[in-house]
Amino acid sequence: MTVIGTHDVVIVGAGLAGMRAAVEAARGGVDVAVVTKLHPVRSHSGAAEGGINVALGNVSDDSTEGHTYDTVKGSDYLADQDAARIMCEDAVGDILELENMGCFFSRLPNGRIAQRPFGAAGRPRTAFAADITGHVLLHVMYEQLLKHGVTVYEEFYGIDLATDVNGEVIGVTSWDIVNGGLKTVLGNATIIATGGMGRMYHGTTNAWACTGDGMAMAFRIGAPLKDMEFMQFHPTTLKANGVLITEGCRGEGGVLRNSLGERFMEKYAPNAMELASRDVVSRAEWTEIMEGRGVDGCVLLDLTHLGADRINRALPGSRELALDYAGVDAIDEPIPVRPGAHYQMGGVHTDSNGQTPIPGLWASGEAACVSVHGANRLGGNSLLEAVVFGRRSGDHAAATVKGRTKPDAGAAAASMARTQAKVDGMLSATGPRADELRVALADTMYENCGVFRTGEGMAVAKTRIAEIRATFDAGVLLHDKGTSFNNDITYALEVGAMLEMGDVLTQCGLERNESRGGHTRLDFPERNDEKWLVHSLATRTADDPTIQVGTHPVTITDYQPAIRTY
């Protein structure tokens, strides 16, 4: 085992949040490194197509106050309102800075940044670059990463956080994908920015890389995970593979129809219709499908009335995806879509600077829970969260550790040895293949922890996950015993992380006996503010894997909980 680098700040993950954190930390005058299992521009932030929210007021009388209110309301009042306000107020400066860095946002005829409507937004506030916004932001941030001289350890799969004898995080131990073997990168501050965990479901918009690695690493050393029961389902994904058809399609005027040709959202959200919050639209779609008004398990996203010119100008990527994966040209016929697992509202519990309760550890982006999304995230707020809180975590981590003596290899020897023993055991084990267990997990989650849930179904999931975890812990067969590009070992490690996080999600879902946002229980159909206007907080110790679920207060400042209507 080798220590290959020692830095002031180490970021695990190179999506938008990770790169924004790295750039800001480097601006703070410290030595920064990024450890990533993918090339940065291949990160999943590139799939966030529709846009990024900001109250510029270019096409309406929008305000940061309106943005904050919509975010809190959309969260079903579970967002921490102080954090939501920080995000919405910081948005203006951050988006203008991105533009100055080189992000080419779509423009209005007067030259200002164009903004389109998005779900549950009171005003058109989503800035966009056609329908490839995340792709554009990723490439610009990678340029900034290079500009600021950040060291990038590319194709290193993070397995465990490295800790010293006092439990302080001092870096990350990774599998070297190219050359094989365990390599450790040390740092006084470590920022988890590894994204979501949607690959534990069938029918997900998430990339193959979204396997909950960072959340699992943090949880294993005792970091609390907040609001993990809230998995958002996006209303418009392709049945064949879960590929996302952006909310921008509905923002541009697309409508949802059932098998009878009815614009069915009139029944469920008569004012906002297709631009109601994502949880509302997903439940409406699933209800239409379950009641027999679907089309081969889908509903229809109709863009035909927009015309070829508008589709080709504003939604070229969505048209291409529908052509490639559904064989449908959106200019001429509707796109079959259905809800798919999309975004984990929960994550590692942090404050508004990204700092966790574990010394030396910060988190940002989808892997973190500040919380600005609460029980339901608004479209366009994910890229914004990544930019705002990536910047804040990078700045705070750098300021906290600047001038400290860097850690040495001896301090992490015990934690590195534990990781080595784990990997050695996996390489010598026999049993089923890891992909068999992932499929079993994905079936279990989709069937029991989807758009609609019951206590009985989640209990089935909990039992089944325990069985799968026991099988995994007993050993899985790795056909590849080699070193270079051993995808068997990295895939198995990802499955292990997903099993851990699936276990947490189901346990938290069983505890929350109400319906709120993305957590809809048929056996507890009403929201219960008296008991459940609180965050869930899942914890374990480094020595005991038993999941404990407690609660944490929601910060309420300006907006008292009310019934959500759209």
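Quick rundown of the values:
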| read-out | value |
| --- | --- |
| Kirkwood Rh, angstrom, the range 58-163 [1 / mean 1/r, Cα pairs] | 16.3 Å |
| Share of alpha-carbon pairs per 5 Å distance bin for the range 34-118, given as whole % | 3, 12, 18, 21, 19, 14, 10, 3, 0 |
| Where the Cα pairs of the range 456-566 fall when distances are cut into 5 Å bins, in % | 2, 9, 15, 17, 15, 12, 10, 8, 5, 4, 2, 1 |
| Sparsely packed trypsin sites (Lys or Arg not before Pro) within the range 50-154, loop by DSSP, other Cβ within 10 Å at most 15 | R112 |
| Percentage relative contact order, the range 199-352, counting C-alpha pairs under 8 Å, at least six apart | 37 percent |
| Net charge over other residues, Cβ less than 10 angstrom from the Cβ of N376 (K, R count +1; D, E count -1) | +3 |
| Percentage relative contact order, the chain, counting C-alpha pairs under 8 Å, at least six apart | 22 percent |
| Carbon + sulfur, % of accessible area of the chain - ligands and nucleic acids excluded, 1.4 Å | 50 percent |
| Pairwise centroid distance, computed over Cα atoms, of the range 181-249 with the range 1-63, Å | 15 Å |
| Peptide ranges 379-386, 65-72, 156-163 listed from the most packed, as the mean C-beta count within 10 angstrom indicates | 379-386, 156-163, 65-72 |
| Two-site label geometry, A542 and A474: point separation in nm, points 7 Å out along Cα→Cβ | 3.0 nm |
| Distance between the range 457-518 and the range 302-380 - C-alpha centres, whole angstrom | 24 Å |
| Estimated inter-spin distance, A409 and T565, nm [label 7 Å along Cα→Cβ] | 6.7 nm |
| Loop-located GluC sites (Glu not before Pro) in the range 496-566 whose Cβ has at most 15 other Cβ within 10 Å (DSSP) | E526 |
| Entry for Rg and Dmax of the Cα atoms in Å (calculated from the structure that is shown) out of [x] 29.8, 92; [y] 26.4, 81; [z] 22.3, 68 | [z] |
| Loop-located chymotrypsin sites (Phe, Trp or Tyr not before Pro) in the range 160-236, at most 13 other Cβ atoms within 10 Å (DSSP) | W208 |
| Highest-first arrangement of 541-549, 48-56, where packing means the average Cβ count within 10 Å | 48-56, 541-549 |
| Accessible area in square angstrom per residue, the chain, 1.4 angstrom probe | 34 Å² |
| Around T419: net Lys/Arg minus Asp/Glu count, Cβ-Cβ under 11 Å | +2 |
| Burial order of peptide ranges 41-47, 183-189, 364-370 (average beta-carbon count within 10 Å, highest first) | 364-370, 183-189, 41-47 |
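The values are calculated or read from the model by the stated rules, or taken from the named source; none is laboratory data. Bear in mind the structure is a predicted one, so any value in this text is a computation, not a measurement. Cβ atoms come from the backbone with ideal geometry, glycine included; neighbour counts cover every protein chain shown. Just the protein is used for accessible areas: all its heavy atoms, side chains included, with ligands, DNA and RNA removed. Shrake-Rupley method; radii C 1.70, N 1.55, O 1.52, S 1.80 Å.
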